[in-house]
Amino acid sequence: MPDLQSDLDLTISTLEQDLTTVSANDALGIIEKWQQHFQGHRLVGDLEQLKHAISMGDRGAIADILLAAGKDASGEAASRTADDVSPKILELGKLLDQVGNSLK
């Protein structure tokens with residue numbers, strides 16, 4: 001199983017950058033890591049849609065998917081209050097929301 005903590009750190013670090021400097025290949029690689037975390041979960045389909053939107057350069061679709069993912073991540077963090085990764089998941093949710101809104 002991939003390491004959740006290191007993948008959270010990588011994703012947060014990437015989202016904190018100027019996203020115009022992140023290559024599509026790097027973004028797709030990060031998404032593939034998350035697909036490994038969510039094998040068998042409905043989120044895999046959402047991540048596949050995100051990969052497709054990035055490949056097509058569809059800013060509107062990317063924004064919508066990131067906003068939905070931010071909401072889901074914030075909800076997940078709230079349900080994992082005793083978990084040591086909960087603060088990172090909450091931070092990720094906020095960043096996904098910020099990035100999604102910036103693409104609108």
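Quick look at the values:
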{"quantity": "Residue in the range 52-74 that is in contact with a helix residue (DSSP H, G or I) (Cβ under 6 Å, 6 or more places away or on another chain), of a type in the set (Asp, Glu) and farther than 17 Å from Ala27 by Cα present", "calculated": "no"}
{"quantity": "Test set (1) more than 18 Å from Lys104 (Cα to Cα); (2) over 11 Å from the mean Cα position of the chain (by Cα) - Thr11 fails condition number", "calculated": "(2)"}
{"quantity": "Any hit, the range 59-79, residues being of a type in the set (A, V, I, L, M, F, W, C) and surrounded by fewer than 16 Cβ atoms within 10 Å (Cβ to Cβ)", "calculated": "yes"}
{"quantity": "Pairs where the first residue, in the range 30-44, is farther than 18 Å from Leu96 by Cα and the second is outside any helix (DSSP H, G or I), C-beta under 6 Å, 6+ apart", "calculated": "Gln36/Pro2"}
{"quantity": "Candidate set: the range 78-96, residues that are under 21 Å from Ile30 (Cα atoms) and of a type in the set (Gly, Ala, Ser); chosen: the one modelled with the highest pLDDT", "calculated": "Gly93"}
{"quantity": "Residues that are of a type in the set (A, V, I, L, M) and at pLDDT 95 or above, drawn from the range 32-58", "calculated": "Leu50, Ala53, Ile54, Met56"}
{"quantity": "For Glu32: the one exception among (1) acidic (Asp, Glu); (2) under 11 Å from the mean Cα position of the chain (by Cα); (3) more than 14 Å from Asp7 (Cα to Cα)", "calculated": "(3)"}
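The values are calculated or read from the model by the stated rules, or taken from the named source; none is laboratory data. Everything numeric here is computed off the predicted structure, so don't read it as measured data. A quick note on method: Cβ atoms are made from the backbone with ideal geometry, for glycine too, and the neighbour counts reach across all protein chains shown.
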